[in-house]
Amino acid sequence: MASLALCAATSHVGAIVKNPDAAPEQSGRLHQAWRSLDEEIARLELDAVVVIATDHYETFGLENYPAFCLGLAPEHEAWGEFGNPSGTVAGRPEVAARLLEGLTARGFDLARSHTMALDHSFMVPLVKLPSAAAAGVVPFFVNCNTPPLPGLGRCLELGRALRDSIRELPGDQRIGVIGTGGLSHWVGLPRFGDINEAFDHALLDLLVQGRLDEIARWDDAWIEQEAGNGALELRTWLITAAAAGGPARVLGYEPMAPWTVGIGVTAFDVVEGP
Amino acid sequence: MSIVGLNRLARDLEHAPGLRERFAADPEQVLPGYALTEEERAAVTRRDAAWLLRAGMNPVALRNLMVTLGVAHHEMYQEGRST
């Protein structure tokens, strides 16, 4: 039986790599958090990492916009949009195909793409966590910005189904799950640059306390009002937290004004059993 | 609002080789290829993020469009840009 060996989540704004040394004290603490998470990933010698992220109208357009989509390419190209990381990432199409089967059998009939290119929501975390990229990646897209969005309760259930599907993989593979997005930020809106530190702490506190059901009851209109449209990406965190089943350990949090985002980096304790 | 036409335009301007330069030289050489209303074309030409947002364009797609057209993210709604 395969194991779910690691669950973690991080913000993904491009400024992390484009303006890395902004507010040096704050950014220094965050870079240290990513380094320690990367060391943890390296120690675990993972066979694949499922990266749960989104897209910003680079890969998906309105001609065909899935709620959830798994990437099954042997190699995934990065867009390198707006100066974000470019290049390619090794895929894990056999793992992805098994997960697609497992999730479909559990009532989550996801879309799949055999070519899915990746934007900064995948690439920035993979640059900061090179051990995850080296393990090989199953990209998992979640619609976080084109309403109607998949419900938070649905994301919670999806995370649990993902955990079960991972453990059902053949052999003794060690699989990681990394969610990316948030925390509070406003994209393409007049409030661009605002950060709601209180919201970010409330979210992190609930994750630390394992109170996922409470997060899942939040209303999207309220999240958007309080923490911006970018905070709707907390879906990726919720899926990851639900897959883990245990409390979050906050490795870093900074309200990064020069990056225009509340930046969080967490790992989650993975609970054995259903 | 013509959300499909606007999103296609934003993506093409970002990715289609040479299109940005053609738009910069003369928007009217580019815009007729997209199903947009006269008002929408005018708003794109004057890079009016506030109008496009009010009319219903997705803010993420709008950000891509504005940045591609040379308006920085933090300048999208600055005084003098808004209508």
### Query
To the nearest whole number, what is the average tally of beta carbon atoms from other chains within 10 Å of the beta carbons of peptide B:62-71?
3
### Task
May I ask for the equivalent-ellipsoid semi-axes of the protein assembly as shown, computed as the square root of five times each C-alpha gyration tensor eigenvalue and listed largest first in whole Å?
34, 22, 19
### Task
Pull up all non-local amide H partners of residue A:7: gap of 5 or more, or a different chain, and H-to-H distance under 5 Å with H placed in the peptide plane.
A:177, A:268
### Query
Which value in Å does the Kirkwood hydrodynamic radius of the stretch A:197-274 take, with 1/r averaged over all unlike C-alpha pairs and then inverted?
13.0
### Query
What are the radius of gyration and Dmax of the stretch B:3-72, computed over its Cα atoms and given in Å?
10.7, 30
### Task
Using the Karplus curve 6.51 cos²θ - 1.76 cosθ + 1.60 with θ = phi - 60°, work out ³J(HN,Hα) for each residue of the stretch A:131-148 in order, rounded to whole Hz, and write x for Gly and Pro.
5, 5, 4, 5, 6, x, 10, 9, x, 10, 7, 10, 5, 10, 9, 10, x, x
### Query
How much mean residue ellipticity at 222 nm does chain A get from its helices, if each DSSP H run of length 4 or more adds -39500 (n - 2.57) and you divide by all residues, to the nearest 500 deg cm²/dmol?
-11500 deg cm²/dmol
### Message
Just to be sure I understand: of the beta bridges DSSP finds with both ends in chain A, what percent are antiparallel, rounded to 5?
### Response
50
### Summary
Scoring only Lys, Arg, Asp and Glu (+1, +1, -1, -1) among other residues with Cβ under 13 Å from the Cβ of residue B:5 yields -2
### Query
Which whole-Hz couplings ³J(HN,Hα) result when phi for each residue of the stretch A:172-184 is put into the Karplus expression 6.51 cos²θ - 1.76 cosθ + 1.60, θ = phi - 60°, listed in order with x for Gly and Pro?
10, 4, 10, 10, x, 10, 10, x, 9, x, x, 7, 5
### Residue-wise HN-Hα coupling along the stretch A:248-253, computed from phi with Karplus coefficients 6.51, -1.76, 1.60 (Hz; x: Gly, Pro)
7, 10, 7, 8, x, 8
### Query
If each residue's Cβ is checked for other Cβ atoms within 10 Å, how do A:1, B:1, B:66 rank with the fewest at the top?
A:1, B:1, B:66
### Message
How shielded is A:57-65 by partner chains, expressed as the average number of their Cβ atoms within 10 Å of its Cβ atoms?
### Response
4
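Read-outs throughout are calculated quantities, based only on the coordinates presented, and are distinct from any laboratory measurement. What you see is a predicted model; the values in this text were computed from it and never measured. Glycine also receives a Cβ, built like all others from the backbone with ideal geometry; neighbour counts cover every protein chain displayed.
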